[in-house]
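Rule-based calculations on the coordinates, nothing more; no lab input. Because the structure is predicted, anything quoted here is derived from the model rather than measured. In this analysis, Cβ positions are derived from the backbone assuming ideal geometry, glycine residues included, and neighbour counts consider all displayed protein chains.
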Amino acid sequence: MATAGTIQDLIEKVKAYDPKAETDMLQLAYDFANNAHAGQLRKSGEPYIFHPLATAHILADMRIDPAIVIAALLHDVPEDTDISLDEIKKNFGSEISLMVKGITKLGKLKYRGVERYIENLRKMFVAMAEDIRVMIIKFADRIHNLTTLEALPSPKRYRIALESIEIYAPIANRLGMDEFKGKLEDLSFQHVYPKEYQKTKQIYEEKLRGELNVAKHILEVTEKELKSSGIHIIDFRGRNKRIYSYYQKLLRKGDPDKIYDLVALRVIVPTIADCYATLGLIHKLWKPLKGRIKDFIAQPKPNGYQSLHTTVFTDTGGIVEFQIRTPEMQQESEFGAAAHWHYDEWGSRRPNKEIKWVQELAEIQRDILNKLSDLEEIKVDFLQNRIFIFTPKGDVIDLPEGATPVDFAYHIHTDVGDKCNGAIVNEQMISLDTPLKNGDVIEIITDKNRKGPSRDWLKFVKTHTAKMHIRNYLKDQKGITDWFKTVVTRKK
Ligand code: MN
């Protein structure tokens with residue numbers, strides 16, 4: 001990890017992607033934070049100001065909105081010094097102070113064990129629902145802390161890294177912020193799984209050497225073909241898979257030779273039509289592998305990811321994956337929910353968009369987060385890998401891995417769940433406890449005479465929604481029975 005630059009470097013960096021940025025505000029925020037933290041030291045022995053400055057640099061390296069960079073410089077001031085939020089508001093205005101307030105509310109980790117874990121999640125969900133920008137700063141803050149873990153005792157190091165992999169990275173993933181997710185995971189990997197890290201690194205580096213050469217040749221041939229066909233190429237380069245996500249794939253596939261996207265060739269073209277034209281030309285050049293053509297443009301991933309993927313046999317007997325997308329899709333894939341606050345390499349930003357699931361998270365946590373069993377369910381619902389299920393009409397529903405027809409039924413409507421009596425998946429009758437697979441087409445058969453859900457369903461449903469509805473139904477039933485008993489007893 002390179003040492004962070006100075007405030008002058010930071011100002012230059014920000015000016016490079018946003019010439020209209022208020023750079024004197026950056027200088028002011030730095031001076032303000034520097035004064036406030038004067039005399040404080042980090043565990044590493046460095047002056048405290050190194051930390052907010054490094055956090056701001058991480059964001060500027062990622063070309064994040066200057067206002068967020070300013071807030072990052074100030075992010076630890078109210079928490080760690082005598083300076084109040086009011087003073088920040090007076091000096092920097094309400095927008096900056098709101099972000100700093102959000103970070104301060106997230107606070108330092110105060111609880112041990114399970115309670116701390118729940119408390120962290122709860123706070124994070126609330127902060128996220130209120131202002132995504134707070135999470136952007138929080139991720140950068142965590143990334144810098146991960147790069148300075150060496151200064152901490154080993155159990156603490158492990159705990160922070162584990163938390164980053166288990167909570168922060170999945171949240172970044174759900175928000176579509178792949179850059180943050182990747183950095184959080186790669187920096188934590190060696191601290192959480194040291195042996196696995198060493199082993200993976202060895203395989204990774206060895207494989208990479210071979211594949212980079214193949215990829216380079218394929219890129220040159222393809223580029224020539226695209227150009228002569230009149231397709232305008234905005235960018236075309238090889239991208240390595242990140243080491244932690246390579247490790248995850250190794251665990252799934254069990255064999256490095258079955259991983260085809262360690263190096264992928266990423267081509268960026270102006271329009272969606274160009275994407276499909278490019279795919280056609282690539283297939284004309286190289287023979288595609290069966291079942292490896294993925295159209296995430298027509299069917300985006302739940303976190304918004306869009307791209308065309310195809311894996312082809314090369315003339316040298318190798319296998320290479322292509323990823324084809326527009327500049328908008330590229331920015332979306334790296335920054336997702338944060339795309340609006342990010343300047344892409346070509347100087348533009350995306351419109352701000354509503355993210356519904358953040359709101360959903362906030363509502364759910366408000367209702368039930370104080371119980372551990374529920375927390376586990378929320379983790380499953382929102383943070384695990386998702387599968388796509390199709391209705392007979394072609395609507396896409398995303399559910400957690402392992403979800404069953406009953407989960408699907410409750411996702412459609414409470415009544416469909418309560419009256420659910422059977423399921424037809426890909427034109428075959430299946431039992432209600434069968435786990436669904438990615439791409440399944442499902443039709444639920446309801447029986448309007450059915451009294452309600454079965455208690456046994458609780459043993460296999462995966463989503464929080466399904467569990468909640470089944471439990472509520474059973475509770476109501478019990479309530480009615482109890483009430484009936486008292487009425488009968490009184491009559492006697
Ligand atoms: Mn901090």
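Numbers for the structure displayed
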item	result
For segment 163-253: rounded, prolate or oblate by the Cα gyration tensor [a/c cutoff 1.5]	oblate
Computed label-point distance, nm, for sites residue 206 and residue 27 using a 7 Å Cα→Cβ extension	5.5 nm
Pairs from 156/183; 448/475; 183/224 whose Cα-Cα separation, in the structure shown, is over 31 Å	183/224
Zone residues, segment 318-345, relative to residue 220, backbone N less than 18 Å from point 7 Å out along Cα-to-Cβ	318-320
Bridge type composition, segment 195-341 - antiparallel percent by DSSP, nearest 5	75 percent
From phi via Karplus (6.51, -1.76, 1.60), per-residue ³J(HN,Hα) for segment 440-449 in Hz, x at Gly/Pro	4, 9, 10, 10, 9, 9, 9, 10, 5, 8
Under the Karplus curve 6.51 cos²θ - 1.76 cosθ + 1.60, θ = phi - 60°, whole-Hz ³J(HN,Hα) for segment 164-174, x wherever Gly or Pro sits	5, 6, 8, 10, 5, 4, x, 5, 4, 5, 5
For peptides 190-203, 70-83, sequence by mean Cβ density within 10 Å, most packed first	70-83, 190-203
Extension gain from residue 105 to residue 290, taking 0.36 nm per residue of separation minus the Cα-Cα distance	61.6 nm
Where only C-alpha atoms are counted, convex hull volume of segment 7-192 per residue in Å³	116 Å³
Check: segment 261-322 dipole with +1 on Lys, Arg Cβ and -1 on Asp, Glu Cβ, in debye	140 debye
Cα-based equivalent ellipsoid, segment 130-186: semi-axes from gyration tensor eigenvalues, Å	21, 11, 9
At R0 = 30 Å, FRET efficiency that the Cβ-Cβ distance of residue 258 and residue 305 yields, to 0.05	0.85
³J(HN,Hα) computed for each position of segment 263-277 - Karplus, 6.51 cos²θ - 1.76 cosθ + 1.60, integer Hz, glycine/proline x	10, 10, 9, 10, 10, 10, 10, x, 10, 5, 4, 4, 4, 5, 4
Amide H contacts under 5 Å for residue 441, placed H, 5+ residues apart	390, 426
Over 22 Å (Cα to Cα) - which of 199/241; 393/467; 207/301; 20/181; 201/258 fall in this group	393/467; 207/301; 20/181
Per residue, the convex hull volume that the Cα atoms of segment 195-341 enclose (Å³)	124 Å³
Net length gained if the chain between residue 349 and residue 398 were fully extended (0.36 nm per residue, minus Cα distance)	14.8 nm
Order of 211, 206 - criterion: other Cβ atoms within 10 Å of each residue's Cβ, fewest first	206, 211
